[in-house]
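The block underneath contains the structure these notes are about, expressed in structure tokens.
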Amino acid sequence: IDEDTPPKTLSSRTLSSVAKYILSGRARRIVVMTGAGISTAAGIPDFRSPDTGLYANLASLDLPEPEAVFDLGFFKLNPRPFYVLAKELYPGNYHPTVSHVFVRLLAEKGLLHQLFTQNIDCLEREAGIPGEKIIEAHGSFASQRCIECKAEFDAAKMREFVSRGEVPRCEEEGCGGLVKPDIVFFGEQLPKAFFDRKDMAEEADLVLVMGTSLQVHPFAGLVNLAEERVPRVLFNLERVGGMGSQADDVLVLGDCDEGVRKLADELGWREELEEKWRKL
Ligand code: APR
């Protein structure tokens, strides 16, 4: 299908064909790629949505440009904007969404080959997805360290500083360097695990992409690693990243929780999905 062919938008036929493919047992290595769009329903703003996205709402922090909040050079000069944001995003106040729980269902049914997430909110872990199935490609708030001497900083102390909106500094003798969560800032290397497990994306027999603008590389390149004939399903408010250009792409445009619920209906997993989500 070339670029100007109208994308296959959501229709029960396409989702039901995805469901049939999964139920046939031919989809055993499902690779899922997620972004901030699967956590907006949890109350965590995404980055690039106009009006509601974080980058549209950081103007009050007088940043040279929004992304500076995640820029290491800027952070070293002025860590305050990041810590204002960290206070808002810090894990512990949010609840996983139906989309997170759907990925856990895939894992429990032995169908999840690997989850690659760009999110730093740790909601995948809280949803009960097995840790070894999660690659947090942009790190997370789960740990933090001094950017000078690299000494790890105590998590409880970190939570204290963040809740007070204060900037934590290294307490190692004579250091005093800035402490930063192990979140990948622009210009930093992605975790080794991302590169070690990239081949999992090549082995996929079904790719689900959920809630991401696919604007940030190298993560965005993951969607092109699966073989040509491998079906790719996009659950997103908008069409992104060339999804819809391959013959076996399925576009489920709209709220990702609603798209996931429709797929769960087609799979006969809806009750189980809602039950598990309610019990979280
Ligand atoms: N349902 C479906 N799609 C949604 C929903 C929703 N409820 N809410 C938002 N979206 C879509 C938006 O339309 C957008 O296409 O999710 C996408 C979110 O894109 P971004 O805000 O760019 O977030 P993400 O793709 O995760 O950003 C990637 O950029 O800032 C860096 O490192 C940061 O990991 C982040 C990376």
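Using a Gaussian network for the chain with springs between C-alpha atoms less than 10 Å apart, which of these wobbles most: 217, 95, 138? Looking only at 217, 95, 138, the largest GNM fluctuation is found for 217. If you run the Gaussian network model on the chain, springs between alpha carbon atoms under 10 Å, then out of 173, 65, 202 the most flexible one is 173. Beta bridges from DSSP with both residues in segment 154-280: antiparallel share about 10 percent, rounded to the nearest 5. Simple point charges give the picture: +1 on the Cβ of Lys and Arg, -1 on the Cβ of Asp and Glu, and for segment 133-280 a dipole about the Cα centre of about 320 debye. The slack between residue 26 and residue 85, meaning 0.36 nm per residue of separation minus the straight C-alpha distance, is 16.9 nm. Report summary: the helix-based calculation at 222 nm, which adds -39500 (n - 2.57) for every DSSP H run with n ≥ 4 and divides by the residues of the chain, gives -8500 deg cm²/dmol. Beta bridges assigned by DSSP with both partners in the chain are antiparallel in approximately 20 percent of cases. Sorted into 10 angstrom bins from 0, the C-alpha pair distances of the chain split as 6, 28, 34, 21, 9, 2, 0 percent.
Per-residue 3J(HN,Hα) values for segment 263-280, derived from phi via the Karplus relation 6.51 cos²θ - 1.76 cosθ + 1.60 with θ = phi - 60°, read 5, 4, 4, 5, 8, x, 10, 4, 4, 4, 5, 5, 4, 5, 5, 4, 7, 4 Hz in sequence order (x marks Gly and Pro). Among 92, 241, 259, the residue with the largest mean-square fluctuation in a Gaussian network model of the chain, with springs joining Cα atoms closer than 10 Å, is 92. Taking the longest Cα principal axis of the chain as reference, the axis of helix 12-23 is set at about 80 degrees.
Gyration tensor over the Cα atoms of segment 167-280: the corresponding equivalent ellipsoid has semi-axes (square roots of 5 times the eigenvalues, largest first) of 34, 21, 14 Å.
Residue pairs exceeding 28 angstrom between C-alpha atoms, taken from 150/198; 109/198; 20/192; 76/198; 150/192: 20/192; 76/198.
Let me know the charge dipole size of the chain about its Cα centre in debye, to the nearest 20, where only the beta-carbon of Lys, Arg (+1) and Asp, Glu (-1) is charged.
Details: 33 positive and 45 negative charges, 120 e Å.
For the chain, the charge dipole is close to 580 debye.
Cα centroid separation, segment 177-209 to segment 221-269: 21 Å. Measuring max minus min along each principal axis, the C-alpha atoms of segment 72-159 give extents of 47, 25, 24 Å (largest first).
Taken together, the values in this text are just the output of simple stated rules run on the coordinates, not laboratory data. Since the structure is predicted, the reported quantities are computational estimates derived from the model, not experimental observations. Glycine also receives a Cβ, built like all others from the backbone with ideal geometry; neighbour counts cover every protein chain displayed.
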